[in-house]
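Working notes for the structure below.
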Amino acid sequence: MAPVLEVSNLSTVFHTRRGLVRAVQNVSFSVNAGETLAIVGESGCGKTITALSLLRLIPMPPGEIVSGSVKVDGTDLLKLSDAEMRRARGKQIAMIFQEPMTALNPLLTIGRQIAEMVTLHDGLGRKAARDRAVEMLNHVKIPEPERRAREYPHQMSGGMRQRAMIAMALACKPKVLVADEPTTALDVTIQAQILDLIGDLRREFGTAVVLITHDLGVVAETANRVVVMYAGRKVEEAPVGEVFANPKHPYMTGLMSSIPRVASARGLTGVDATARLTEIPGIVPPLINLPPGCAFSPRCTRSEAQCTTTLPELELKAPDHLAACWRA
Amino acid sequence: MLSYIIRRLLLMVVTLFGVSIAIFLLLRIVPGNIADILFDSAGLIDPAEKKKIVADLGLDLPLPMQYAQWIGGLLRGDLGFSYVSEKPVIDEILPRIPITARLAGFAMLFSITMGVPLGVISAVRQNSGTDYGLRILSLSGLSLPSFWLGLLILMAFVHYSGTIPIYDRNASGWNWWMLQLIPAAAVGFRSAALIMRLTRSSMLEVLRQDYVRTARSKGLSDGAVTYDHALRNAVLPVITVIGVEAAFLMGGLIVTETVFNIPGVARFLVEAIRWRDYPMVQNLVMFIAFVVVTVNLLVDLAYMLVDPRIRYGS
């Protein structure tokens, strides 16, 4: 099966007064229809910029996608004209955002915000678009969809808004759905519902999902494959079971030992569930003027001389398991 | 909703009551009354005659009594007589109101139709040449007093056509429009500049919001994103300012009516103040206050129409 979404060597930079910020460097991954790929990493590691780059929503200037390709069903989105890209957004590739409180327009009804998209891409009339909006709200299990469609975002709870957001993103049945931390702003109980919903719709519509998250619990529950990002680069990629069972990159190991609950809950052996919670010392380095060598080396407990001088390439460390580390 | 409007109307009555006391007292604090002025400048010399004028006009009564007489009349719809022309105040004011109202209306219309679109363009093309040009224009609009701008316009007319646009109540067609629009532009330029600046900053703020990015992610065109999603949100603070500007407009009207020789109420008010024509000034000020308060109520109601999050009342 050919992957629906194929991203190769994507690099996005920001031209700032202080210098060139390499937010995303040479990132590649692919997702099949009906599958979920999780991109994980700390804040500032380039996850969101990667997501926005897929839809070409990076503010330009100062941002610029300098190289790579983003192919949806073989069409490279980065080569499309602006008008063609607009037609692709929402129809080929749609996005849901982190903050359901601010991601919906406060002055337009939910129904109108969904219908607007259907009218635009599927050329439906007013009435038909409205019906589709109600149908989609019903689909995301919002009770009384007729009434809710006439309501404004402020009349809904956070979970309800995120459902509406998902209804909107899936209204035109896009091939790829990019979900940028869709549950971070929600209550834990609502989180599970939203993730289940995304999972159900993914199976039903055969959508390829790119899930951006920093929550390894979410990853374990929903993803098929995992891409680990650090300082703008992909440092590890493997199927979800493999990553948790056998993490290669010290960064991933570190992330997992900061959340021992995940491993113990799934009966995986990556870390000892009874061990004291550990943290990764330090923070993600600023992406301006990164030193040569591995960007993680200053925080890495296993770093050696070679790590600080030469950048490790991504290599197969096990079957279907890529990692970029000299010590793995 | 209805209870809110009723509450606002009651509040309006309180405000107008306050205005009536303020203008009544202010006029009495200003040195001299009409009798003094007649004697000082118009050359009357007989003290008995002065006393008679003061007594006739009731200016020797205690202040609370004078106030009660005025308000009593006002509530019965009797505005009294002008001290100067000795005609009923209502007959003096009524024909002049449409002239000023039209000028104010056109000025407001000018400031909104100029300010909002130019502000949007300025924001959408932030830091471009167009943006800088428009920002200089709006800065000059805020710094140019309207009488100076009016004079510049008049001078330009003299220079290029050799004539001055003189107010003519029988003007028609092109001339009528010119006589309306040129003074209106002079009055409204300041408001236009203010609205432009505000729209620009408000738009810049809104364009950074998440929901604008969401709108883009849906594949909407730049136009739909800017006007349908962003401007609707950005226009909220602009509506507030339009309400405030309605009050400020009065100052601009006074000088502009003077510069362009327009026989409206604004210039007439200044004339009445100079003569200490109490009934005239008091009633005109009450009328203006009424208009300003009403406009502000309408602005608040307009807010509710645009923003569903705002619901007044219980």
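The values are calculated or read from the model by the stated rules, or taken from the named source; none is laboratory data. All values derive from a computational prediction rather than experimental measurement. With ideal geometry, Cβ positions are generated from the backbone for all residues, glycine too; neighbour counts draw on all protein chains shown. Note: areas computed on protein heavy atoms with side chains; ligands, DNA, RNA excluded. Shrake-Rupley method; radii C 1.70, N 1.55, O 1.52, S 1.80 Å.
Scanning the stretch A:131-168 for residues that are free of Cβ contacts under 8 Å to residues at least 24 places away in the same chain and over 26 Å from B:Asn233 (Cα atoms) yields A:Asp131, A:Glu135, A:Asn138, A:Pro143, A:Glu144. Looking at B:Thr240, B:Thr294, B:Thr258, just one residue is away from chain A (no Cβ under 14 Å), in contact with a Lys or Arg (Cβ under 8 Å, 6 or more places away or on another chain) and open to solvent by 20 Å² or more (accessible area, probe 1.4 Å), and that residue is B:Thr258. Which condition number does A:Met95 fail, the rest of (1) more than 7 Å from chain B (Cβ to nearest Cβ); (2) aliphatic (A, V, I, L, M); (3) within 19 Å of the chain's Cα centre (by Cα) being met? The one condition A:Met95 does not meet is (1).
Taken together, the residues in the stretch A:98-110 that are more than 7 Å from chain B (Cβ to nearest Cβ) and either surrounded by 24 or more Cβ atoms within 10 Å (Cβ to Cβ) or in contact with a Phe, Trp or Tyr (Cβ under 8 Å, 6 or more places away or on another chain) (or both) amount to 4.
None of B:Tyr227, B:Tyr160 is more than 25 Å from the chain's Cα centre (by Cα), in a helix (DSSP H, G or I) and either closer than 30 Å to A:Val178 by Cβ or charged (D, E, K, R) (or both) except B:Tyr227. A single entry from A:Val218, A:Val210 fulfils the requirement of being assigned to a strand (DSSP E or B) and not assigned by TED's automatic domain parsing to the domain that holds A:Glu144: A:Val210.
Of the residues B:Ser202, B:Ser217, the single one that is of a type in the set (Ser, Thr, Tyr) and away from every other protein chain (no Cβ under 13 Å) is B:Ser202.
Here B:Ser3 passes the criteria (1) closer than 26 Å to B:Leu249 by Cβ; (2) touching a Gly at 6+ places or on another chain (Cβ under 6 Å); (3) loosely packed, with under 15 Cβ neighbours inside 10 Å except the one numbered (1). For the stretch A:257-278, indicate whether the set of residues that are at pLDDT 80 or above and either aliphatic (A, V, I, L, M) or open to solvent by 80 Å² or more (accessible area, probe 1.4 Å) (or both) is non-empty. No, the stretch A:257-278 has no match at all.
The residues listed here are B:Asp228, B:Asp222; of these, the one that is buried (at least 17 other Cβ atoms within 10 Å of the Cβ), over 30 Å from B:Ile262 (Cα atoms) and of a type in the set (Asp, Glu) is B:Asp228. Of all residues in the stretch A:53-79, those being within 14 Å of chain B (Cβ to nearest Cβ) and without any contact (Cβ under 8 Å) to a residue 24 or more places away in the chain number 3. The residues of the stretch A:162-185 that are over 18 Å from A:Thr36 (Cα atoms) and either surrounded by fewer than 23 Cβ atoms within 10 Å (Cβ to Cβ) or under 16 Å from the mean Cα position of the chain (by Cα) (or both), listed by number, are A:Gln162, A:Met165, A:Cys172, A:Ala185.
Would you check if there is a residue in the stretch B:158-170 being within 14 Å of another protein chain (Cβ to nearest Cβ), of a type in the set (Asp, Glu) and without any contact (Cβ under 8 Å) to a residue 60 or more places away in the chain? For the stretch B:158-170, residues within 14 Å of another protein chain (Cβ to nearest Cβ), of a type in the set (Asp, Glu) and without any contact (Cβ under 8 Å) to a residue 60 or more places away in the chain: absent. When the stretch B:163-186 is limited to residues that are of a type in the set (Gly, Ala, Ser) and outside any helix (DSSP H, G or I), the one that is least open to solvent (accessible area, probe 1.4 Å) turns out to be B:Ala171.
Return a yes/no flag: does the stretch A:8-20 have any residue that is in contact (Cβ under 8 Å) with a residue 60 or more places away in the chain, out of contact with any Ser or Thr (no Cβ under 9 Å at 6 or more places or on another chain) and closer than 15 Å to A:Met60 by Cβ.
There is at least one residue in the stretch A:8-20 that is in contact (Cβ under 8 Å) with a residue 60 or more places away in the chain, out of contact with any Ser or Thr (no Cβ under 9 Å at 6 or more places or on another chain) and closer than 15 Å to A:Met60 by Cβ.
Pairing residues of the stretch B:125-136 that are at pLDDT below 90 with residues that are of a type in the set (A, V, I, L, M) and surrounded by 12 or more Cβ atoms within 10 Å (Cβ to Cβ), at Cβ distances under 8 Å and at least 6 apart in sequence or on separate chains, gives B:Gln126/B:Leu204.
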